[in-house]
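Structure first, then comments.
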Amino acid sequence: MRRRRLAPLLAVTLTATLAPALGTSTANAAPAAAPSAAAPSVASSSAASPAARSGTLAPYTKQKPKWKRCDADAPADFQCATIKVPLDYRAPGGKRIDLAISRIRTAEPGKRHGVLLSNPGGPGGAGTYMPLALREELPKSTLRKYDLIGFDPRGVGDSSPVTCGLTPDEEEWLRPYKKETYAEDVAWARKVADKCRAKAGATLPHITTRNTARDLDVLRAVLGERKISYLGYSYGTYLGAVYTQLFPGRADRFVLDSAVDPTLAWRGMVQWWAWGAEPAFDRWTAWAAERSQTYGLGDTPKKVDRTFWELVARADEKPIDLDGLLVTGDDIRSGMRGAVFSPLTATEAFVELKKAADGQPAAAGKLTAFTGNAAAARKAAEVPADNMTASFWAVVCGDNSAAWPRNPERYRQDAIADKGRYPLFGDFASSIKPCAFWNKSVEPATKVNNKAGSLIVQNEWDSQTPLPSAQALHKDLKRSKMVTVLGGEGHGVYPSGNACTDGTVTRYLLTGKLPAKDVFCRATAESNAEARQNQRRDEIPGSPLPERAPDRF
């Protein structure tokens with residue numbers, strides 16, 4: 001028998017998605033326009049090296065990518081290349097790392113507007129596959145306008161992948177607070193941080209969102225573009241927002257889908273999962289009660305609630321055996337956190353889990369909220385097994401180390417308090433993480449507060465980035481407009497088959513004109529069905545994740 005590894009939903013991709021700034025004169029702002037299409041600069045800063053102050057990025061911006069077919073089995077027009085970027089932008093003459101990039105050029109160059117870069121989420125999600133996925137999903141009118149550009153963020157996939165040498169058990173991060181095991185959890189968090197320092201201590205401090213944004217500006221220059229357009233999901237919204245902060249004059253049409261609140265990067269975003277799960281759980285109990293004759297979980301929300309917690313208690317006493325995967329009560333709480341954002345998905349999964357607990361045959365295909373998806377473990381053989389986890393912690397801990405308390409007692413107290421406030425997931429979210437023992441960030445977190453125009457798109461019921469998170473980003477991006485899908489389920493909106501949301505986003509990508517005011521759309525049965533389907537397959541707006549990886553934003 002083996003205990004089930006705590007698996008992500010998105011993660012989080014849907015499952016989140018960090019040195020003085022390339023082209024900046026202050027910590028958070030860039031000049032209004034690039035000096036030229038091919039030459040970003042490194043402005044002077046008190047922390048910049050002499051090499052950085054002299055502006056030595058020309059060797060990077062003048063690179064000529066050697067494009068070639070990505071794979072023998074891939075379409076001929078899906079091309080890949082590798083360029084070099086500085087590990088540390090304060091010292092661009094120092095160590096260089098790889099940035100894996102990909103493209104599909106528009107089939108109608110005469111109608112081309114520019115390049116559309118994309119990011120699927122993370123941190124830790126590879127994105128070189130994105131042009132292929134987007135070509136399948138985006139309207140043909142949009143495809144005519146853009147060369148589709150993908151990339152693996154620094155430290156991820158084929159972009160000089162990082163590793164901490166973690167075992168599968170060490171990668172498991174969903175550790176609910178328990179008095180009797182807390183000392184072990186603290187030891188685990190310290191060990192992960194120590195192993196990451198020992199294995200990649202010179203590299204990990206530079207695997208940050210700010211540096212990834214700088215990489216994108218080098219890529220912009222290499223492609224010969226004065227500006228870039230961008231489609232980012234989940235963590236990719238934070239990356240996009242950071243880019244607009246560092247390089248506002250180089251941001252063209254930016255779509256930020258399922259948004260991260262920059263002020264909460266990153267402990268606050270993890271804790272927000274617990275807050276967001278509670279109203280979704282109440283919505284689920286009401287939905288299931290209204291359909292008690294179909295599902296038999298109780299004819300009032302209170303009875304459905306009791307049915308749920310009774311099964312949690314049973315599984316704590318005797319884990320539920322799903323073909324050798326042992327599901328505990330904590331596993332049920334963790335899995336339901338994301339599942340309840342779709343009442344239908346949650347109900348079907350819970351009914352099948354209850355059948356299994358009662359010794360009856362269960363439909364395995366409806367249990368992925370609790371078992372994960374083995375297909376999500378696909379990754380290139382040459383990429384370290386713990387690459388996604390290592391790059392995840394590098395960003396989540398390194399973007400803003402000040403957000404993470406250093407005293408384990410603080411985490412213990414927060415976990416106890418949040419378990420009381422948010423029974424479903426509070427102790428998971430607030431308990432100890434490796435960030436408590438991470439090195440201090442190389443530079444301060446990015447304060448996002450600019451007037452670069454962006455379009456923010458958000459489902460009301462989002463399993464990873466709750467609606468207030470997107471509303472907060474909307475407030476930070478002063479000239480942004482927001483599309484809210486009322487009743488919308490799932491993580492990732494565009495495209496979904498909803499004429500209101502798809503039409504608004506597509507018009508913006510085609511014309512560059514933001515809506516005159518914020519847009520409110522209503523979810524359709526078809527778009528919510530698509531969202532539920534995307535929870536169970538590795539297509540945009542998600543990216544493949546190994547089962548043991550952390551949930552992504």
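The values are calculated or read from the model by the stated rules, or taken from the named source; none is laboratory data. Remember, predicted model here, so these are calculated numbers, not experimental data. Using ideal geometry, Cβ is built from the backbone for each residue, glycine included, and neighbour counts are taken over all protein chains shown.
Every condition in (1) surrounded by 15 or more Cβ atoms within 10 Å (Cβ to Cβ); (2) part of a loop (DSSP other than H, G, I, E, B); (3) at pLDDT 95 or above; (4) under 24 Å from the mean Cα position of the chain (by Cα) is met by Leu116 except one, and the failing one is (2).
Residue by residue, here is whether (1) in contact with a Ser or Thr (Cβ under 8 Å, 6 or more places away or on another chain); (2) closer than 23 Å to Lys513 by Cα; (3) modelled with pLDDT of 95 or more; (4) outside any loop (DSSP other than H, G, I, E, B) holds:
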| residue | (1), (2), (3), (4) |
| --- | --- |
| Tyr230 | yes, yes, yes, yes |
| Tyr238 | yes, yes, yes, yes |
| Thr244 | yes, yes, yes, yes |
| Gly249 | no, yes, yes, yes |
| Phe254 | yes, yes, yes, yes |
| Ala259 | yes, yes, yes, no |
| Trp273 | no, no, no, yes |
| Ala277 | no, no, no, yes |
| Phe281 | no, no, yes, yes |
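Across the stretch 290-344, the number of residues qualifying as more than 32 Å from the chain's Cα centre (by Cα) and β-branched (Val, Ile, Thr) comes to 3.
The residue list Pro405, Pro423, Pro343, Pro361 contains one member that is of a type outside the set (S, T, N, Q), surrounded by fewer than 18 Cβ atoms within 10 Å (Cβ to Cβ) and closer than 20 Å to Gly276 by Cα, which is Pro423.
Just name the residue that is farthest from Arg337 (Cα to Cα) out of those in the stretch 168-199 that are out of contact with any helix residue (DSSP H, G or I) (no Cβ under 7 Å at 6 or more places or on another chain) and of a type in the set (A, V, I, L, M). Looking at residues that are out of contact with any helix residue (DSSP H, G or I) (no Cβ under 7 Å at 6 or more places or on another chain) and of a type in the set (A, V, I, L, M), I get Ala198.
Of note, Ala380 does not satisfy the criterion of being among the hydrophobic types (A, V, I, L, M, F, W, C), crowded, with 18+ Cβ neighbours inside 10 Å, modelled with pLDDT under 95 and not in a helix (DSSP H, G or I).
Of all residue pairs spaced 6 or more apart or on separate chains, none has beta-carbon atoms under 6 Å together with a first member in the stretch 67-79 that is on the phi > 0 side of the Ramachandran plot and a second member that is β-branched (Val, Ile, Thr).
Kindly provide the set of residues from the stretch 96-122 that are of a type outside the set (Val, Ile, Thr) and touching a Gly at 6+ places or on another chain (Cβ under 9 Å), ordered by number. Scanning the stretch 96-122 gives Ala100, Ser102, Arg103, His113, Leu117, Ser118, Asn119, Pro120, Gly121, Gly122. Report whether or not Asp71 is at pLDDT 95 or above, of a type in the set (Asp, Glu) and closer than 20 Å to Pro161 by Cβ. Criteria not met by Asp71. Under the condition of being in contact with a Pro (Cβ under 8 Å, 6 or more places away or on another chain) and of a type in the set (D, E, K, R), the residues counted in the stretch 251-266 number 2. Quickly run through the stretch 267-306 and pick out the residues that are closer than 21 Å to Gly490 by Cα, hydrophobic (A, V, I, L, M, F, W, C) and in contact with a helix residue (DSSP H, G or I) (Cβ under 6 Å, 6 or more places away or on another chain). Within the stretch 267-306, Val270, Trp273, Ala274, Ala277, Trp284, Ala286, Trp287, Ala288 qualify.
Condition check ((1) crowded, with 18+ Cβ neighbours inside 10 Å; (2) among the basic types (Lys, Arg); (3) at pLDDT below 95; (4) in contact with a helix residue (DSSP H, G or I) (Cβ under 7 Å, 6 or more places away or on another chain)) across all residues:
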residue	(1), (2), (3), (4)
Val457	yes, no, no, yes
Ala470	yes, no, no, no
Lys478	no, yes, no, no
Lys481	yes, yes, no, no
Gly490	yes, no, yes, yes
Tyr508	yes, no, no, no
Thr524	yes, no, yes, no
Ser527	yes, no, yes, no
Asp538	yes, no, yes, yes
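Considering each residue of the stretch 320-331 in turn, at least one proves to be in a loop (DSSP other than H, G, I, E, B) and surrounded by fewer than 19 Cβ atoms within 10 Å (Cβ to Cβ). The residues of the stretch 121-180 that are among the hydroxyl-bearing types (Ser, Thr, Tyr) and crowded, with 19+ Cβ neighbours inside 10 Å, listed by number, are Thr128, Tyr129, Thr142, Tyr146, Ser159, Ser160, Thr163, Tyr177.
Which one is surrounded by the most Cβ atoms within 10 Å (Cβ to Cβ), of the residues in the stretch 189-217 that are outside any helix (DSSP H, G or I) and not aliphatic (A, V, I, L, M)?
Narrowing the stretch 189-217 to residues outside any helix (DSSP H, G or I): 201-203, 207-208.
After this cut, where a residue has to be not aliphatic (A, V, I, L, M) as well, the list is 201, 203, 208.
On the way: Gly201: 12, Thr203: 20, Thr208: 27.
Applying the filter and picking the extreme gives Thr208.
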